[in-house]
Amino acid sequence: MKKIQFLDLKAINQQHRQALIDAATRVIDSGWYVLGQEVKAFEQEFAAYCGTNHCVGMANGLDALVLTLRAWKEMGKLQDGDEVIVPANTYIASVLAITENRLTPVLVEPDEGSYNLCPAKVSAAITSKTKAIVAVHLYGQLAPMKAIMAMADEHRLLVLEDSAQAHGAMVDGKRAGNWGHASGFSFYPGKNLGALGDAGAMTTNDTELAQTVRALGNYGSHKKYENLFQGVNSRLDEMQAALLRVKLQHLDAETRVRQAIAVAYAQDIRNPLVRLPIDSHASLDNLGHHAFHLFVVRVQQRAAFQTHLNATGIDTLIHYPIPPHQQQAYKAYSSLQLPLTESIHKEVVSLPIGPTMSLAQVQTVITACNAYSG
Ligand SMILES: *Cc1c(COP(=O)(O)O)cnc(C)c1O
């Protein structure tokens, strides 16, 4: 039997093969490859999708986060050493964006049920030096943004959403990317909205911020050969923008497939050894806040569980095996005690989920999970 891949990127892009070829051909034939009509059109379309006034294309998601924080420094809203609250169990890029800007990350334990920031723990971490929060929508689920924005208003904090895993996730009609003061998106190929190479964007309703980020990503230039800042080169390519315009049209339909798979997993995986991320009463009607970039279960004997699934032909991945504070890169934080984060990182396993999975494949995963006996 054919192996069930964790994410079949080839099949995902094959679905749109002709439209992608047409878009690529349009770029090739245009004779214009950097900062042209495709980027402009994608930025308008993605801003409209998110409901924001602005979208600025970037070379990747990390740069979107880095340059947004950098822009706030250039605008005088952040300074070296300011504390920035970030979930301890995030992907390392969220933390790199903070330290790259010589800001101080304050790693906060997540909420045990959602893996996202917990308002009470964020509140407890706020000091007189706290100036910003990086709210990560981990695994595709919106962080508790109403509570976070209320806290941010009260303490005059900036909120940067890390929406790299949550394209389209929505609460009260408001999507990821439109809750905070700004948001970073990644269009890395495996993300829910994936380019065919590296790509990213930031969204915001703040015109000055959008202009500053745009300048920073273009050598610090707002006007040809005039440089306001010591910027970098981090632009979205015309080619990737053209391909992303095709894929954006299918994002909502693909998200609905992911959500349907998640509901099937939640309702039919019944194994006390396998802890689910949502309860079995979850239905498609109330899952809009979760784009299910990943379906992450927790299993105490993780290696045995992975071996068991692998023997049935099912690929799994771990997001993520080592938390940022235990990475070599962050030796300075190695003495931090973050027991919840550490136990999450020891137990999480991501099951296959993606817009081209068949019902039979979903059923195979469910059966294999239920057959696991430790
Ligand atoms: C993928 C990802 C990023 C980084 O995006 P790149 O485009 O790979 O630079 C940042 N944050 C999170 C949570 C991610 O999953």
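The values are calculated or read from the model by the stated rules, or taken from the named source; none is laboratory data. The model shown is predicted, which means the values in this text are computed figures rather than measured ones. Positions of Cβ are backbone-derived with ideal geometry, glycine not excepted, and every protein chain shown enters the neighbour counts.
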Set Ser94, Ser128: member being surrounded by 24 or more Cβ atoms within 10 Å (Cβ to Cβ) and out of contact with any Phe, Trp or Tyr (no Cβ under 8 Å at 6 or more places or on another chain):
Ser94
Looking at segment 114-123, is at least one residue at positive phi and more than 16 Å from the ligand (Cβ to nearest atom)?
no
Any idea how many residues of segment 47-102 are away from the ligand (no atom under 16 Å from the Cβ) and among the hydrophobic types (A, V, I, L, M, F, W, C)?
7
Can you pull out the residues in segment 192-215 that are within 16 Å of the ligand (Cβ to nearest atom) and not in a loop (DSSP other than H, G, I, E, B)?
Gly200, Ala201, Met202, Thr203, Val213
Within segment 67-107, residues under 14 Å from Ala135 (Cα atoms), assigned to a helix (DSSP H, G or I) and among the β-branched types (Val, Ile, Thr) come out as Thr68, Ile92, Val95, Ile98
Since Ala143 meets every condition but one in (1) within 16 Å of the ligand (Cβ to nearest atom); (2) in contact with a helix residue (DSSP H, G or I) (Cβ under 8 Å, 6 or more places away or on another chain); (3) part of a loop (DSSP other than H, G, I, E, B), which condition does it not meet?
(2)
Helices (runs of 4 or more DSSP H) completely within segment 228-324 that count 3 or more residues being crowded, with 20+ Cβ neighbours inside 10 Å, away from the ligand (no atom under 15 Å from the Cβ) and within 24 Å of the chain's Cα centre (by Cα)
238-248, 251-268
Among the candidates Val134, Val159, which residue alone is assigned to a strand (DSSP E or B), crowded, with 17+ Cβ neighbours inside 10 Å and within 13 Å of the ligand (Cβ to nearest atom)?
Val134
All but one of (1) away from the ligand (no atom under 11 Å from the Cβ); (2) in contact (Cβ under 8 Å) with a residue 40 or more places away in the chain; (3) surrounded by fewer than 22 Cβ atoms within 10 Å (Cβ to Cβ) hold for Pro189; which doesn't?
(1)
Under 9 Å between Cβ atoms, at least 6 apart or on separate chains: pull out the pairs that start in segment 298-316 with a residue that is of a type in the set (Phe, Trp, Tyr) and end on any residue that is assigned to a loop (DSSP other than H, G, I, E, B).
Phe305/Leu273; Phe305/Val274; Phe305/Val299; Phe305/Thr316; Phe305/Tyr372; Phe305/Gly374
Cross-chain or 6+ apart pairs with Cβ under 8 Å, segment 362-374 first and modelled with pLDDT under 95, then in a helix (DSSP H, G or I):
Gly374/Ala304
Residues within segment 103-113 that are within 14 Å of the ligand (Cβ to nearest atom) and either of a type in the set (Asp, Glu) or farther than 15 Å from Asp162 by Cβ (or both), tallied
0
Pairs returned, first residue in segment 154-173 that is over 26 Å from Thr130 (Cβ atoms) and in contact (Cβ under 8 Å) with a residue 12 or more places away in the chain, second residue that is within 13 Å of the ligand (Cβ to nearest atom) and polar (S, T, N, Q), beta-carbon separation under 6 angstrom, 6 or more apart or interchain, are His167/Asn192
Looking only at segment 8-23, decide whether some residue is more than 16 Å from the ligand (Cβ to nearest atom), within 29 Å of Leu228 (Cα to Cα) and surrounded by fewer than 17 Cβ atoms within 10 Å (Cβ to Cβ).
no
Checking Ser343 against (1) part of a helix (DSSP H, G or I); (2) touching a residue at least 24 places away in the same chain (Cβ under 8 Å): exactly one of these is not met. Which one?
(2)
Only one of these is surrounded by fewer than 23 Cβ atoms within 10 Å (Cβ to Cβ) and either at pLDDT below 95 or not hydroxyl-bearing (Ser, Thr, Tyr) (or both): Gly61, Gly113, Gly57. Name it.
Gly113
Among residues of segment 325-340 being hydrophobic (A, V, I, L, M, F, W, C) and assigned to a helix (DSSP H, G or I), the residue nearest to Pro87 (Cα to Cα) is Leu340
Tabulated pairs, segment 11-23, first closer than 19 Å to Met357 by Cβ, second charged (D, E, K, R) and surrounded by 14 or more Cβ atoms within 10 Å (Cβ to Cβ), C-beta under 7 angstrom, 6+ apart or interchain
His16/Lys247
